[in-house]
Amino acid sequence: MKKILITGGAGFIGSNFTHYYLDKHPGDQVMVLDRLTYAGNLENLKDLENNEKYWFLQGDIADVKLINSLFERERFDIVVNFAAETHVDRSIESPSIFVMTNIVGTQTLLEASRKYGVSRYHQISTDEVYGDLGTDSTDKFTEETPLSPNCPYAASKASADLLVKSYYETYKLPATISRCSNNYGPYQFPEKLIPYFFKLITNGEKAPVYGDGKNVRDWLYVIDHCRAIDTILEKGHVGEVYNIGGNNEKTNLEITKILLKFLGKDESLITFVKDRLAHDRRYAIDASKIKSKLGWEPSVTFEEGIAKTFDWYENHKDWWKNKS
């Protein structure tokens with residue numbers, strides 16, 4: 001039996017991973033630590049309340065006293081750090097909280113993991129740390145692509161990655177990092193493009209597309225992401241970075257039109273608005289390393305994943321209607 005700490009486990013990807021991990025590893029014990037900010041929601045974990053292998057603690061990963069006492073008491077085998085401020089627009093408006101959570105919080109977890117002998121620390125990162133590929137290029141991000149973040153959110157995540165690397169190199173902390181493309185699926189807070197536009201379009205409101213709508217992202221179904229993380233924990237080599245992508249490059253405008261078609265609305269609901277500051281034009285992940293080295297590849301096509309996601313939204317209206 002292993003004891004695993006999942007930080008940020010009440011958020012979108014973290015809650016999906018918590019469900020996935022408990023289902024696949026029913027003999028392990030799982031603690032979720034989450035500060036329960038606007039994006040952390042205990043409703044995401046409600047069906048686990050009676051699972052004797054799961055327990056929840058509300059807390060901040062940047063709280064040194066809390067983290068040290070928790071690690072000393074529980075002696076975790078594995079730490080998976082999802083806890084992060086993630087929304088680019090919010091990072092532009094209030095960058096300081098991103099520094100505190102994403103950088104200071106990560107260092108606090110790393111130090112406790114080192115001090116209390118964690119056997120594997122895994123950092124959840126993002127393709128945004130690599131910067132902008134531009135629409136004139138057909139290149140993709142590899143694990144060797146230099147870090148070149150262009151917004152406070154991406155810079156804070158790149159800083160966290162460098163801290164993880166430093167703890168591996170300096171202290172030999174058994175750590176790994178994964179960098180994923182845009183996730184979509186159940187439990188995603190409606191500030192992100194797909195659930196946000198789904199909510200607006202369902203209500204007959206305009207869908208505000210940044211700039212010309214031609215910004216390209218690679219889309220990954222969240223359960224495939226969970227599978228990849230679990231694979232890295234089982235087979236990944238410490239000190240390594242693994243890119244996780246869905247092989248689904250689409251523009252923001254294409255995503256908007258897919259939503260409109262699914263919901264039976266016409267394109268008159270599309271409205272173009274002033275572009276976001278430092279809005280990177282294209283991200284694209286080369287996930288060949290995790291495929292060749294660990295045997296993982298996405299199993300859900302975009303068409304299958306988006307249908308599953310829309311079905312979930314349709315069947316969980318109470319979950320998203322009052323969120324903003």
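The values are calculated or read from the model by the stated rules, or taken from the named source; none is laboratory data. No experiment lies behind these values; they were computed from the predicted model shown. With ideal geometry, Cβ positions are generated from the backbone for all residues, glycine too; neighbour counts draw on all protein chains shown.
Being out of contact with any Lys or Arg (no Cβ under 8 Å at 6 or more places or on another chain), small (Gly, Ala, Ser), at pLDDT 90 or above and more than 29 Å from residue 6 (Cα to Cα) is a property that residue 264 has.
Within the stretch 201-232, the set of residues being assigned to a helix (DSSP H, G or I) and surrounded by 17 or more Cβ atoms within 10 Å (Cβ to Cβ) comprises 201, 222, 223, 224, 225, 226, 227, 228, 229, 230, 231, 232. Residue 253 falls short on exactly one of the conditions (1) touching a Gly at 6+ places or on another chain (Cβ under 6 Å); (2) at pLDDT below 90, and that condition is (2).
Here is the figure for the stretch 249-280: residues that are closer than 24 Å to residue 131 by Cβ and either in contact (Cβ under 8 Å) with a residue 60 or more places away in the chain or part of a helix (DSSP H, G or I) (or both) total 12. Please work out if residue 273 is aliphatic (A, V, I, L, M) and out of contact with any helix residue (DSSP H, G or I) (no Cβ under 8 Å at 6 or more places or on another chain). Yes, satisfied. Is it the case that some residue within the stretch 51-70 is of a type outside the set (Ser, Thr, Tyr), touching a Phe, Trp or Tyr at 6+ places or on another chain (Cβ under 7 Å) and not in a strand (DSSP E or B)? No, the stretch 51-70 contains no residue that is of a type outside the set (Ser, Thr, Tyr), touching a Phe, Trp or Tyr at 6+ places or on another chain (Cβ under 7 Å) and not in a strand (DSSP E or B).
You will find that of 184, 210, 167, the residue that is closer than 23 Å to residue 84 by Cα and more than 13 Å from the chain's Cα centre (by Cα) is 167 and no other.
Selection of first residues in the stretch 4-30 that are farther than 14 Å from residue 55 by Cβ and in contact (Cβ under 8 Å) with a residue 24 or more places away in the chain and of second residues that are of a type in the set (Lys, Arg) and surrounded by fewer than 23 Cβ atoms within 10 Å (Cβ to Cβ), restricted to Cβ pairs under 7 Å at least 6 apart or on distinct chains, gives the following pairs, ordered by first then second residue: 26/53. Considering the conditions (1) without any contact (Cβ under 8 Å) to a residue 12 or more places away in the chain; (2) buried (at least 24 other Cβ atoms within 10 Å of the Cβ), residue 106 is excluded by exactly one of them, (1).
For the stretch 22-58, a tally of residues being of a type in the set (Phe, Trp, Tyr) and crowded, with 23+ Cβ neighbours inside 10 Å returns 0.
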